[in-house]
Each structure stands twice: as structure tokens, then as C-alpha cells.
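Comments concern the structure below.
Laboratory data are not the source of any read-out in this text; all were calculated from the coordinates shown. Note that this is a predicted model, so its numbers are computed, not measured. Cβ placement follows ideal geometry from the backbone for every residue including glycine, while neighbour counts extend to all protein chains displayed.
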Amino acid sequence: MAWRLARRRVKKAVKDPDTAAASERGATGAGGSAAEQPGSGAVSGQHRSAPLWTVLKSWWSNSAADQCGGVSWVWVVVIFLASTIALAVPFGANRWRVASFNAKMENYPGLGAAFMALAKDGGEFAVQKGRCTFADATPRTLHASGWAVILGKEGLPPEDMDKVLWFGTENLSIQNKGKEAGFALSWEPFEGLDSVKLQRAAESRQSMADLIAGMLFTANFTGMTNAIVTLILLMLVQNLVFVAVLGLLLSFAALRARVWPGSAQGQSSGVADSRGGKAKAVMRSIKVVACVVSGPAFLVGVVSLTLPGAKSSWLWLVYSLLAAVRVIVLYSARYKLGTNPPQGVNPPSGTKPR
């Protein structure tokens, strides 16, 4: 039976070869258009079903990177924000580690004796409206357990002092150069502190230790939330400019690929669709860049957490280099697509491949 059906098809093709060829071309064209057109249901369905997997593969696959041009803008924005937060992790973690180190009491041996001397011989003082006022306006210096307790002076302590508890009129500063620990800040977080409360705390060593620990924590972690939010906003602006510039450069290669309108690669990345024009190519390229550079961003975030000693500036440099190299690789692939026509594709009239 199968042999008879094959024989009938051969006879039909011999009798009417034009009809058979047209039928074959129509079947092939229908299948090809469904597979290649960027707006087809197969491709768009893939983007809707697994956008995260597409983004993940784009970190090393050029074909997956081209598909990121069809990912929804909602996903692109989410991925961009997540990668920006990952880039801010090294800077925020470093800020947190420094604050935690400076807030530890063991980095200030003998500080308790300095506070006890302040409670006993420091006289009357009060912190009001961001300033520390003393009943005795004459600056004084006390000494206890190798610490210098300086009262009533303006500004900050001199840099040549080793251990100093600075109760100035404008700032509070505690420095221990031997441990490379210390900080300085205004009196605003300590509004309401006065000599009476300090003397009450001096009645018990535990109460004094709790007071000192609270002051160290407050001094170092005040404004931590604002500092981290500011870091994220700064990284957001910097990363946005970085992605926009790389996306614009990548779009040049995408526009070059439009020279070959029959290219399957060009259709999958959307660069051969003339309906959107140059603006569409630029926006799709920005999508692609935002997705592919998220890999180096997450890598930098993980490294900063596993290697606390890594410098934030060096990690940002590593991210910039890895992201630029990844975009250059993708640019080269698109540039070759625009320079050399794929098999079976003829360049438009007036176009000469190099």
C-alpha cells in the first residue's frame, strides 16, 4: 500500500511539477515563518513561560541573549533592579562591617574608666539642640587608664592623639589608634544626655557598660538605613547609564544585521524587522544588555559576601570588565551577522558584503 501511494505521488509530480513545487514551498514557508518570526506564538510563548531561564542562559549564550529582546519590560526592570541591589551589596556590606567593628567595646580597652572619670570630675553638662553645653565654659582635660578625656572644645580631636574621649561642644569622638577603631559625629543622636544620667550610670559598672555600649551602637549605626538607600540609588543611576551606553553600542550591530532581512538570527533577535525602526532596535538592545550584565552583577554580590576582605571599588571594576566583555562578544556575533550573509540569503541590491 505504501509503495502504491509513493508511486501515485511521483506520477502527480511528473504531470504537474509546478504545482508540486509550489505546494512544497508553501509548506516550508509556513513552518519557517512560524519558527523565525519574532512575533510568532512559539517564541512569545517561550518568553512568557520561562523568562528567567532565558535570562540565565543569556549570561553565556548569544542566542538566548538575542531572545531577551522579546522579554517583557516588567521582567527586565525587575532583573535590572535586582542586579543593581547586588552591585550595591559590596558597598553596603563594607559600611556595615566598619560600623560593627567600631561599635565593639573590646576595641576600646579602658574606655569605661574614662567615662567613670567623666562622671566624677567632668562637672555639669547637657546635650540640647545638637550641642553639648558645660557649666564650666573653660575647656578641660582629664586622664584615666591611658585615655585623654577632653571637654568643652570645638571641632575634632587632633590626629596625633592615641586614645581620646572627645566631649566637644559640637561633636562626640572616640578614637583608639592602637586598634584602628574610632568615629566622630554630631550630638544630635544623643539629645537629652546630661551629667545627671551619666552619674546615675556610674553607680553600677554594669549600668555604665550598658550606657557605653548603647552610645557606641547609636554613634555607628545612626543613619545606616539612609546610607544604604543612598548607595542603592547611586548604583541605580550609575548602572542605568552603564546599561544604556552599552545598549546603544550594541544596537549599532543590531542595525547592521538588518542588511540581511532573510536572516534567521536577525528574525529571532528582532533586528531584521523594519516595522519598529531604529528606535525598536535600540530598545531591544537595552533589554538584552540589562539581562546579560545581570550575571556579572550577581557574581560580584556573591563574591563580596563570601570574601569580606575584597574591596568594593575593585569589585565594581570587575563587574564593569566582565559586563563589557560579555557585550563585546555579543556585539561581535551580531557584527559578523551583518558582514557575512547566512546561507541561502541574498543581500539587498546595492549592498556588498565585506
Handout entry: Relative contact order computed over the range 171-211 (Cα-Cα under 8 Å; 6+ residues apart), in percent
Key = 25
Problem - Rotationally averaged projected area of the range 101-222 (alpha carbon convex hull; nm²) - result: 6.6
Handout entry: Across Lys311/Lys336; Lys153/Lys311; Lys129/Lys311; Lys104/Lys197; Lys153/Lys177; Lys287/Lys311, pairs whose alpha-carbon gap is larger than 26 Å
Key = Lys311/Lys336; Lys153/Lys311; Lys129/Lys311; Lys287/Lys311
Exercise for the section: Work out the length of the dipole vector of the range 101-222 about its Cα centre, built from +1 on the beta-carbon of each Lys and Arg and -1 on the beta-carbon of each Asp and Glu, and round it to the nearest 20 debye. Expected result: 200
Handout entry: Fully extended contour minus Cα-Cα distance, from Leu233 to Trp53, at 0.36 nm per residue
Key = 62.0 nm
Fill in the blank from the handout: Exposure proxy check on Trp75, Trp314, Trp96: fewest-to-most Cβ neighbours within 10 Å is Trp314, Trp96, Trp75
